[in-house]
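Here the structure comes first, spelled out in structure tokens, and everything after it is commentary.
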Amino acid sequence: MSLPSVESLIEKLAQALTPYFTSQPQPIIVGIETGGAWVAQRLQQSIAPDAELGRLNISFYRDDFTRTGLHPTVRPSSLPVDIDDKTIILVDDVLQSGRTVRAAMNEIFDYGRPRKIVLAILIDRGEREIPIQADITGEFMKLDSGSHIKLEGPEPLKLVIKTLESHAK
């Protein structure tokens with residue numbers, strides 16, 4: 001299976017998000033660690049270098065950490081002090097079950113009450129477990145059962161497909 005270029009997907013997201021940056025106050029771009037934070041940083045550089053940039057580490061907000069385990073290096077999230085009544089562009093690399101995005105929104109609401117959250121996703125692979133839908137998607141990809149798509153980086157950013165067997169190695 002040939003994978004799209006990450007740069008072309010980021011450009012597609014940037015074009016779709018640009019209209020959100022034509023009015024004041026500008027939205028806050030927030031990436032979910034780690035891949036979403038890499039994409040969010042590239043989007044900020046491309047669309048609005050002066051826009052505020054945040055990063056979420058949702059490890060403690062996940063509802064499935066008993067299955068997946070906690071990430072060994074949990075770093076604090078970084079959001080602007082005041083998100084009340086602001087538009088948040090929430091960015092992640094891959095949307096599958098919806099659980100990561102749900103956890104990210106829970107954390108955002110611990111910081112305040114945004115006016116709007118716009119979800120921008122590099123790759124949507126379907127298979128939702130909860131009703132979360134992206135507003136802007138770089139690409140929809142259907143993968144075989146037991147396959148996962150992952151964004152590796154940060155330099156260069158590239159998509160890789162891993163199968164259950166390759167996870168065991």
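The values are calculated or read from the model by the stated rules, or taken from the named source; none is laboratory data. What you see is a predicted model, and the numbers here were worked out from it, not measured in a lab. FYI the Cβ positions are ideal-geometry reconstructions off the backbone, even for glycines, and counts take in every protein chain you see.
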Legend entry - Scan of the stretch 36-51 for residues that are out of contact with any Phe, Trp or Tyr (no Cβ under 9 Å at 6 or more places or on another chain) and either of a type outside the set (A, V, I, L, M, F, W, C) or part of a loop (DSSP other than H, G, I, E, B) (or both), ordered by number: G36, Q41, R42, Q44, Q45, S46, P49, D50
Legend entry - In the stretch 96-120, residue nearest to V6 (Cα to Cα) [restricted to those that are out of contact with any helix residue (DSSP H, G or I) (no Cβ under 8 Å at 6 or more places or on another chain) and among the hydrophobic types (A, V, I, L, M, F, W, C)]: V101
Legend entry - Within the stretch 9-35, considering residues that are touching a residue at least 60 places away in the same chain (Cβ under 8 Å) and assigned to a helix (DSSP H, G or I), the one surrounded by the most Cβ atoms within 10 Å (Cβ to Cβ): L13
Legend entry - Filter result for the condition that a residue is under 27 Å from Q24 (Cα atoms) and among the charged types (D, E, K, R), over K158, K86: K86
Legend entry - Some residue of the stretch 135-146 being under 15 Å from the mean Cα position of the chain (by Cα), at pLDDT below 95 and within 24 Å of A14 (Cβ to Cβ): no
Legend entry - For L122: the one exception among (1) under 17 Å from E139 (Cα atoms); (2) at pLDDT below 90: (2)
Inset, instruction - Residue by residue through the stretch 78-116, note down the ones that are in contact with a Gly (Cβ under 8 Å, 6 or more places away or on another chain) and aromatic (F, W, Y). - result: none
